[in-house]
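Structure first, commentary second.
The values are calculated or read from the model by the stated rules, or taken from the named source; none is laboratory data. Everything numeric here is computed off the predicted structure, so don't read it as measured data. Ideal geometry is used to build each Cβ from the backbone, glycine not excepted, and the neighbour counts take in all protein chains shown. Surface accessibility is based on the protein's heavy atoms, side chains included, excluding ligands, DNA and RNA. Shrake-Rupley method; radii C 1.70, N 1.55, O 1.52, S 1.80 Å.
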Amino acid sequence: MSDHQNEPREYDAVLGGQNLIPVNAAILGGIPGVKSRLASPAVEVRITALSEALKYGEAGLDLIIQALHDESMQVNFAAYSLLKDRNEEKIQQHLQNYSPIFEFDVITVDNTGKENSCRKSFARFFPEYLGNGIVLEMVYLPGGTFMMGSPKNEEGRLDSQSPQHQVTVPAFWAGKYPITQAQWQAVMGNNPSGFQGKKRPVENVSWDDAVEFCGKLSLQTGKKYRLLSEAEWEYACRARTTTPFHFGETITPDLANYNRYEPPYAKAPTGLLRRETTDVGSFPPNAFGLYDMHGNVAEWCSDTWHEDFNGAPTDGSSWETGTLRNTRVLRGGSFFCRAVACRSAYRVRELVDCGFTIMGFRVALVLA
């Protein structure tokens, strides 16, 4: 191999007499070069190639459109970011049938509440327009298998959270946030909440109220909205984690809205007691891109109450058998609850016609 800087090296592919800098592969010029880099196993190379594709007119735009379906969500996000503000009819037609992607940080902490990691993640969503500028954002949750319930050695474990059992949950869409007061008002025409604020979660709603909301929302949108099953809720909350909280071994005042004057969980510090709800999205999301899964308001699930998980479904469906059909499940804790009651596995029951300031909900949507 020659050492002369103007002679081609063995890793160069030369087009038009130009030598280009290699990026994990042989480098080509023009559209062939972009196509070559878009086939690279390296995500960073594919993202860089998308920006380069803009130089090549219609042929380059076609490659970016194809990248909307790349196996990497990071590449999807990069392609969507390049196309979303363009007005070409062809691009708009593709984007109409495309679920956009949002980017967010996923934070984890140790048992003292100290942050030990922060990474970028991505999730798909679609906006459901409710009128008057009110939007309900629904996030795509890929299907998966997880262990539902508390392990025997988890601090605060109760018999009602056992036995741990494997559940396989099909993919579905879930609300990015608990239903807000603005969203409730747009569908129901009133606001029962004690702590007023358009971006705060609706509260003071019973299970019956939540089910009625889902019915009216379904009629308004032509889609089948419903409450999450208890298994779906825990799967959504954990977001592939196995720790007591999706943040890790504990939660802190910076991560959730809960009763911090009560005993902290693990070795985390106590802190500010807010004594009221907060705007949805005020705290970091989990790895699925869902917010407020711990604290703020307890969330109604569709299932009837059972004292433990013996005989529970393993397919993610709502558990509707049993004699306590007028008693349903709440998950996630609230601003009023201790940290231990905000764990991913914590569950509590209430009558279907009861609604207090700690009770809210989020919605699910079955895949078409």
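Within the range 357-368, being part of a loop (DSSP other than H, G, I, E, B) and in contact with a Gly (Cβ under 9 Å, 6 or more places away or on another chain) holds for Thr357, Ile358, Phe361, Arg362.
Among the aromatic types (Phe, Trp, Tyr), surrounded by 15 or more Cβ atoms within 10 Å (Cβ to Cβ), in contact with a strand residue (DSSP E or B) (Cβ under 9 Å, 6 or more places away or on another chain) and more than 19 Å from Asp292 (Cα to Cα) - does that describe any residue in the range 135-145? No: zero hits. Scanning the range 185-215 for residues that are more than 23 Å from Glu276 (Cα to Cα) and of a type in the set (Val, Ile, Thr), we see that the one that is least open to solvent (accessible area, probe 1.4 Å) is Val187.
Looking at the range 244-251, is at least one residue more than 24 Å from Leu141 (Cβ to Cβ), within 20 Å of the chain's Cα centre (by Cα), of a type in the set (Ser, Thr, Tyr) and open to solvent by less than 40 Å² (accessible area, probe 1.4 Å)? Yes; the residues of the range 244-251 include at least one that is more than 24 Å from Leu141 (Cβ to Cβ), within 20 Å of the chain's Cα centre (by Cα), of a type in the set (Ser, Thr, Tyr) and open to solvent by less than 40 Å² (accessible area, probe 1.4 Å).
Listed by position, the helices (runs of 4 or more DSSP H) contained in the range 42-83 that have at least 3 residues being at pLDDT below 90 and open to solvent by less than 10 Å² (accessible area, probe 1.4 Å) are 73-83. The single condition among (1) polar (S, T, N, Q); (2) touching a residue at least 40 places away in the same chain (Cβ under 8 Å); (3) assigned to a helix (DSSP H, G or I) that Thr168 does not satisfy is (3).
Conditions tested, residue by residue: (1) in contact (Cβ under 8 Å) with a residue 12 or more places away in the chain; (2) in contact with a strand residue (DSSP E or B) (Cβ under 7 Å, 6 or more places away or on another chain); (3) within 19 Å of His246 (Cβ to Cβ).
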| residue | (1), (2), (3) |
| --- | --- |
| Pro285 | yes, yes, yes |
| Ala312 | yes, yes, no |
| Glu320 | yes, yes, no |
| Arg325 | yes, yes, no |
| Arg347 | yes, yes, yes |
| Asp353 | yes, no, no |
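With respect to the conditions (1) outside any loop (DSSP other than H, G, I, E, B); (2) open to solvent by less than 30 Å² (accessible area, probe 1.4 Å); (3) closer than 20 Å to Pro313 by Cα, Ser150 lacks only one, and its number is (1). For the range 267-285, filtered to residues that are of a type in the set (S, T, N, Q) and open to solvent by 30 Å² or more (accessible area, probe 1.4 Å), the residue that is nearest to Ser334 (Cα to Cα) is Ser282.
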